[in-house]
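Shown next, in structure tokens, is the structure this report addresses.
The values are calculated or read from the model by the stated rules, or taken from the named source; none is laboratory data. Please read all numbers here as calculations on a predicted model, not as lab measurements. Quick reminder, even Gly has a Cβ in these numbers, built from the backbone with ideal geometry, and neighbours come from all protein chains shown.
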Amino acid sequence: MADEKIAKIPYSLNSKAVADATKFWLNKRGVTLEEIAELVMFLQQKYYPNLTMDECIHNVEMVLSKREVQNAVLTGIQLDVMAEEGKLFSPLQDMIENDEGLYGVDEILAFSIVNVYGSIGFTNYGYVDKLKPGVLKRLNDKSTGQIHTYLDDIVGAVAAAASSRIAHRKQAEREIELDLPHTPEDREEAARKLAEYDGTPE
Ligand SMILES: [Ca+2]
């Protein structure tokens with residue numbers, strides 16, 4: 001009877017549980033925020049030589065605070081883990097296990113992350129996906145016995161989205177500095193910037 005009672009409680013989404021699970025699973029699969037931030041640095045340093053690691057980490061955190069990103073991270077990692085445990089149907093099991101070149105759904109899922117800060121993320125995503133620097137090289141190492149068919153794209157996509165966010169933010173900072181008309185795209189960030197901004201150019 002206790003089970004029946006539980007089943008009748010209306011479903012309600014606990015956003016903290018989703019956010020916490022995202023951090024937990026990234027960590028459990030061996031990916032740190034710092035490593036993702038290093039990809040962001042790799043992508044953006046040439047455009048913004050004064051960019052700091054703290055800024056990169058902050059932007060990665062902001063991307064990971066978005067629900068649609070958390071959903072993609074959790075879905076992808078879940079499929080990787082199930083493939084590792086051999087629990088998927090055949091032939092999906094074989095396709096994910098062997099990172100089949102014609103599968104491609106891992107990349108489609110990652111696009112939902114790349115998109116959160118606009119389409120400029122696609123260039124960055126394509127770039128890290130091709131070069132596979134840092135953490136991406138490790139995630140693509142097939143000799144470890146771990147399956148990261150989804151996670152490598154997810155990590156690259158989070159870095160690409162964080163890079164787009166930086167580009168949008170830097171543009172906003174320039175506009176504020178030059179006293180140009182400025183419409184913030186990211187309200188949360190705009191509010192923070194406004195609170196910080198005391199009218200003195202850097
Ligand atoms: Ca992949």
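Going residue by residue through the stretch 150-170, is there one that turns out to be crowded, with 21+ Cβ neighbours inside 10 Å, near the ligand (Cβ under 10 Å from one of its atoms) and not in a helix (DSSP H, G or I)?
Yes, the conditions are met somewhere in the stretch 150-170.
For the stretch 18-52, which positions are without any contact (Cβ under 8 Å) to a residue 40 or more places away in the chain and closer than 21 Å to Q171 by Cβ?
M41, Q45, K46, P49, N50, T52
Looking only at residues in the stretch 125-140 that are in a loop (DSSP other than H, G, I, E, B) and away from the ligand (no atom under 13 Å from the Cβ), which one is surrounded by the fewest Cβ atoms within 10 Å (Cβ to Cβ)?
P133
Return yes or no: is D141 modelled with pLDDT under 95 and not aromatic (F, W, Y)?
yes
Any idea which residue in the stretch 99-124 is farthest from the chain's Cα centre (by Cα), counting only those that are aliphatic (A, V, I, L, M) and more than 15 Å from the ligand (Cβ to nearest atom)?
Of everything passing the filter in the stretch 99-124, I120 is farthest from the chain's Cα centre (by Cα).
When residues of the stretch 135-156 are filtered for being without any contact (Cβ under 8 Å) to a residue 24 or more places away in the chain and among the hydrophobic types (A, V, I, L, M, F, W, C), how many remain?
Residues in the stretch 135-156 being without any contact (Cβ under 8 Å) to a residue 24 or more places away in the chain and among the hydrophobic types (A, V, I, L, M, F, W, C): 0 in total.
Write out, first by first residue and then by second, each pair whose Cβ atoms fall under 6 Å of each other, whose residues are 6+ apart or on separate chains, and whose first residue, in the stretch 90-118, is farther than 22 Å from N59 by Cβ while the second is within 9 Å of the ligand (Cβ to nearest atom) and β-branched (V, I, T).
Matching pairs, first to second residue: I96/T149; D99/T149; D106/T149.
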